[in-house]
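Participant: The structure follows.
The values are calculated or read from the model by the stated rules, or taken from the named source; none is laboratory data. These figures come from a predicted structure and were not determined experimentally. Positions of Cβ are backbone-derived with ideal geometry, glycine not excepted, and every protein chain shown enters the neighbour counts. Heavy atoms of the whole protein, side chains included, go into the accessibility calculation; ligands, DNA and RNA do not. Shrake-Rupley method; radii C 1.70, N 1.55, O 1.52, S 1.80 Å.
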Amino acid sequence: PSSLRTALLKLEEDTSNLTKEKLIVCLAINYGGRKDILQAALSYAQEESKSSNSNQKQNTTQTQKQNTTQLNEEEFEKHLSTAGLPDPDLIIRTAGECRLSNFLLWNAAYAELYFTEVLWPDFDEDVLKEALLWYEGRIRRFGT
């Protein structure tokens, strides 16, 4: 809707002096984590299919083996809609919901999850500060 577009353009203008090193805000509008992962898998498969078709002279089994071993997290992430964005450090979930709800499923692996009872329309600077203070007290272990 035009009201959302206007609000996003204002947000972009208001934060234009910030650099990537300071803050990245990711708004996922009409986004689904499962769909993103599926699309990435299909994209990778299509890319590999084109690659193996151009090398048809190679043995099919050998080509399939090589393609399978080439897939790793870094390569897969290139096919996600979030390619080029860093993984989130903090995900804030409003309205008392304690789930990700299909949000950034791949990227949220090591994010700190903050849950608040505050509804999104009421989420203000004070609530954000509370979430950031909570985050500041976390000890990040990244799976270790």
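Participant: Which residue, of R99, R141, is more than 14 Å from G33 (Cβ to Cβ) and open to solvent by 60 Å² or more (accessible area, probe 1.4 Å)?
Facilitator: Checking each option against the conditions leaves just R141.
Participant: Just name the residue that is modelled with the lowest pLDDT out of those in segment 70-101 that are among the hydrophobic types (A, V, I, L, M, F, W, C), over 28 Å from E117 (Cβ atoms) and not in a helix (DSSP H, G or I).
Facilitator: L71
Participant: Filter segment 10-61 down to residues that are of a type in the set (G, A, S) and modelled with pLDDT of 80 or more and give me whichever is surrounded by the fewest Cβ atoms within 10 Å (Cβ to Cβ).
Facilitator: Per the criteria, the residue is S16.
Participant: Something else now. Determine which member of the set L128, L105, L113 is surrounded by 10 or more Cβ atoms within 10 Å (Cβ to Cβ) and farther than 23 Å from E73 by Cβ.
Facilitator: Residue meeting the stated conditions: L128.
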